[in-house]
Structure formats: structure tokens, C-alpha cells
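Engineer: One structure follows; several queries about it will come next.
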Amino acid sequence: MKLNRRLFLGATAATLAAPYVNAAGHGRPKVVVIGGGAGGATAARYIAKDSKGEIDVTLVEPSRSYYTCFFSNLYIGGFRDLSSIAHSYGTLASQYGINVVHDWAVGIDRDAKSVTLAGGAVLPYDRLILSPGIDFVDGSVPGWDTSAQNAMPHAYKAGSQTELLKAQIEAMPQGGVFAMVAPPNPYRCPPGPYERVSMVAHKLKNENPTAKILIVDPKEKFSKQALFEEGWQKHYGGMIERIGPDFGGNNVSVDAGAMTVTIDGSVEKVDVCNVIPAMKAGRICDMAGITEGNWAPVSGHTMQSRLDENIHVLGDATNQGDMPKSGFSANSQAKVAAMAVRGALTGSKVFPAKFSNTCWSLIDTNDGIKVGASYQATDEKIAKVDGFVSQTGEDADLRKATYEESVGWYAGITSDMFG
Ligand SMILES: Cc1cc2nc3c(=O)[nH]c(=O)nc-3n(C[C@H](O)[C@H](O)[C@H](O)COP(=O)(O)OP(=O)(O)OC[C@H]3O[C@@H](n4cnc5c(N)ncnc54)[C@H](O)[C@@H]3O)c2cc1C
């Protein structure tokens, strides 16, 4: 069944699970997954596991080790070592029979239904899943581009950038200044910059107690703001200053050579500068022609692109509705997409899409907070059903339990992704 755009927009999970005819006419149906992160690794694993070999799954991912952004702030704070947030793809290949290809996808031919890799290989697909995460919007912080990322790291893709940022914090002079240029909405991990500030403050409190932290922020408000601000006051009183848009936080440029941040015309000399630029869908989504503006619109019923029913998009790259861009969200969306893909390719049963998310943050030792919600798919979007958030003034036992819950979640999601 070839769906036109009008039909597709109104389609339900059940109609999309109509009997499958293999495009190639023979062999097992083929699924190619681009991006081996929270969304892509989960989707590849669930399709391979639940189809019991009926679907041929290829996962394309350039890195041999995936460093989770989740808990990368805890590495900066000294609560984790780097190896504890690194994961490999061996089990996906050996136990789930996934064909793991370490390469970049550089082109998608939607008519031919094939993906071209940087190494020259061409992979045909019946369904394509894209979960490439984010790229940065050029020029969003004047003076910064990726050629400046060694002097002013973003550390918003984990790995060497995170290591570099931590090393720079350790090399700060006593009484020096750590600056963060925070991103505008929407961006990956809404509480992420503020958890990072907490972890930097935790480190500086022990190693460099007269240092200062300056956040330059284009947003009026941010995730879990009252909880973070209460925690900063309690644990790090006087160390952290935030400049919001009323005082020039949305009029910022940087000079990586001079190590300066200019806020509304006023030049500040800093020792470390963590620039987190505005974000957009990983650029392979643009190459595939499935973006509108900065993001890829999807139907929440199946995570199918609204511009191509043979492509499902997951995680940070999507414009889906109410879910925040988080690893938990990407993992939850991946299971909905995996079920829809199996339904479409093998006729297996497809249930109504349900999603959930929780974002935990650590403010200081054993002081964990969280925000979360459940969601359902409507024809318009993924819509929030109900939510919860930690409260200010909670006692120490509850905060410790919240942190411990996050440690359990990390173990669970990474084994759900990588087997
Ligand atoms: C500091 C920080 C803290 C965070 N903390 C949390 C947290 O506590 N909880 C939480 O739930 N989330 C957290 N997140 C957010 C979470 O990391 C992301 O939302 C999640 O990783 C998104 O999953 P994804 O699959 O969309 O992208 P990713 O996990 O980034 O995966 C994308 C993958 O695609 C690959 N790729 C990109 N382009 C191509 C291409 N052309 N060809 C092949 N491969 C490609 C990349 O190499 C990458 O491995 C945090 C993020 C940051 C930055």
C-alpha cells in the first residue's frame, strides 16, 4: 500500500500495520538504523530481538565506543570515571545478530530506498530509522564555531569534549572564572546545563573554592529552576551567578583567542568557557529532506517521518510534541518505532503508543532531583498525560533515594540499549 501524504497524516498504527510486501521481492525485510545512541541502539536491539531473525537489521554508527551524555556531568563532578559511561556494540552484533557497521551515513536516496556510507557502501532498506542526535546551528553564538571547540568546548556530545572540559576546569587558576553560554530552547536535555553547573561547582568547592561560575543564559526560565537555585544557595552559596535575558544573556559573543565573553557590550575575561550553542537535528536529517525548520516532524503513533512513511525518526532530532529531548525519551520512542516497524514488516500486533520520561539531576553528593511525565500519541503530537517533579525543601533521605534511583536507571537504560 503506497500512502500519500494526506492519507498518511491521518493513518493510525493499525492501518500502518497492513500486510507487508518486501520491496525487493525476496529475502528478509531490511531495516537500516542510522545512529547507535539512545534511540538507534534501542530500536535496533528491539527489532532484532522481537522479530527473532525475521528482519535483517543493520546499525550504522561511526564510533566504536558510545559515551553516554547522561552521567557525563557526573564524570565532570568526579562521581564517575570515563570508562563507566563508555559502551561498545559487541553484544548487539554477537547476541542479537545485528550487522553493526562503523561508518558515517552520507546520503539517503528515498526513491531507491538506500543509504550511502562514507566508505562507499550502499545499503538498501525497507524501513529506515534515523536517530542521529543533534548538530549545532551555525552562528548561534557569534565568535564560536566547531573550529573553536578546543578552546571553548561544548561537551554536549560526550567523549573527548567532556574530557577536555574537565581538564580545563582542573587547570583553572585559583579564584578563576568558569563561564557557560547556555543554549536557547529547544535543546538536548533541558536540565543538562544546570546539572553541569552543579557538578562544576561541586568540583570547584573542593579544589578551587574562590573560583566563580558565570552562566549567560538567553532563556527567561529553565528546567527545575527553583530546585537548582535552592541547591546552589545551600551548597555553593555565592559561587554561581546567572545572567538572564533581562541583563543581556541573549546578546552574547565570544572570542576564543582572547578567552573573553562579551555580554551586552561588556567584555568579561574568563578562564574556561563552555559554549553550548543552539541545536538542530543531526544533519543527515537535512540530507534526507525530512526536516521542517531545525527538526524532523514525526507522527507519535509510529515515530514515522511526516514527510516519508518509510522513515522513522527518533530522539533529539524529532519534532514530536511534548516530550523533552532526553535519552529516556529516545529510548521510549525507539520501542514504539520498533513495534511499528515489526508490525509493518512482519504483520506482528501493534499496540497504541505510550511513552514515559524521567530526567534526574545531581546537585551535590546524594542530593538528587527529578522531573518526569507519561505521554500518549494523538494525531497531532505526543501529548503529556501527567507529570511529577521533586519539591523544594525535601529531606536528605528522599534526595539520596532520588539519586540512587538515577543510578539504577542508568544501569537499566544502558543494558536496554546495548544488551
Ligand atoms: C550533559 C548532558 C547530560 C544529559 N543527561 C541526561 C540524563 O540524565 N537523562 C537523559 O535521559 N538524557 C540525558 N541527556 C540527553 C541524551 O544524551 C540525549 O537526549 C540522547 O542521547 C538522545 O538520543 P539520540 O539517539 O537522539 O542521539 P544520540 O544518543 O546522540 O545518538 C546519536 C548517534 O548517531 C550517530 N550519528 C550521527 N550522525 C550520523 C551519521 N550521519 N551516520 C551514522 N551515525 C551518525 C552519532 O555518532 C551518535 O552516536 C543528556 C545530555 C547531555 C548533553
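Read-outs throughout are calculated quantities, based only on the coordinates presented, and are distinct from any laboratory measurement. All of these numbers come straight from a predicted model, not from anything done at the bench. Cβ placement follows ideal geometry from the backbone for every residue including glycine, while neighbour counts extend to all protein chains displayed.
Engineer: Starting from one equal scatterer on each C-alpha and no solvent at all, send me the Debye-based log10 I(q)/I(0) for segment 81-202 at q = 0.13, 0.15, 0.16, 0.18 Å⁻¹, two decimals.
Structural biologist: Debye intensities relative to I(0), on a log10 scale: -0.79, -0.97, -1.04, -1.16.
Engineer: Now, a different point. Give the lysines whose C-alpha is closer than 28 Å to that of LYS113, dropping any in the same chain fewer than 8 places away, or say none.
Structural biologist: Answer for LYS113, where 28 Å is the Cα cut-off: LYS2, LYS30, LYS49, LYS52, LYS280, LYS325, LYS335, LYS349, LYS381, listed by chain and number.
Engineer: No solvent, one uniform scatterer per C-alpha: report log10 I(q)/I(0) for the chain via the Debye equation at q = 0.07, 0.09, 0.10, 0.13 1/Å, two decimals.
Structural biologist: -0.34, -0.56, -0.69, -1.10
Engineer: Same structure again: Which order do MET303, MET417, MET239 fall in if you start with the one that has the fewest other Cβ atoms within 10 Å?
Structural biologist: MET239, MET417, MET303
Engineer: Right, another one. Among TYR403, TYR156, which comes first, second and so on when ranked by fewest other beta-carbon atoms within 10 Å?
Structural biologist: TYR403, TYR156
Engineer: Let me ask something else about it. Test of the criteria: in segment 143-247, which GluC sites (Glu not before Pro) are in a DSSP loop and have at most 16 other Cβ atoms within 10 angstrom of their Cβ?
Structural biologist: Listed in order of number, the matching sites are GLU220.
Engineer: Okay, next question. For the chain, modelled as a Gaussian network with Cα springs under 10 Å, which listed residue fluctuates most, LYS325, LYS166, LYS349?
Structural biologist: Maximum among the listed residues: LYS349.
Engineer: Okay, moving on. Charges only on Cβ, +1 for Lys and Arg, -1 for Asp and Glu: so what's the dipole of the chain about the Cα centre, in debye to the nearest 20?
Structural biologist: Charge dipole, the chain, about its Cα centre: 1180 debye, nearest 20.
Engineer: What's the Kirkwood radius of segment 141-275 in Å, using all Cα pairs?
Structural biologist: 14.9 Å
Engineer: Any idea how far the Cα center of segment 62-106 sits from the one of segment 299-377, in Å?
Structural biologist: 20 Å
Engineer: Pick from THR378, THR291, THR162: which is most flexible by mean-square fluctuation in a GNM of the chain where alpha carbon atoms under 10 Å apart are linked?
Structural biologist: Sorting by GNM fluctuation, first place goes to THR378.
Engineer: Now for a different question. At 222 nm, what helix-only mean residue ellipticity would the chain give, in deg cm²/dmol to the nearest 500, using -39500 (n - 2.57) for each DSSP H run of four or more?
Structural biologist: -9000 deg cm²/dmol
Engineer: Order by neighbour count: LEU128, LEU165, LEU117, fewest other Cβ atoms within 10 Å first, most last.
Structural biologist: Ascending number of Cβ neighbours within 10 Å: LEU117, LEU165, LEU128.
Engineer: Equivalent-ellipsoid semi-axes (√(5λ), Cα gyration tensor) for segment 102-163, whole Å, largest first?
Structural biologist: The answer is 31, 13, 11 Å, longest axis first.
Engineer: Under 10 Å, Cα contacts only: if you run a Gaussian network model on the chain, which one of ALA296, ALA179, ALA148 comes out with the highest mean-square fluctuation?
Structural biologist: Greatest mean-square fluctuation among the candidates belongs to ALA148.
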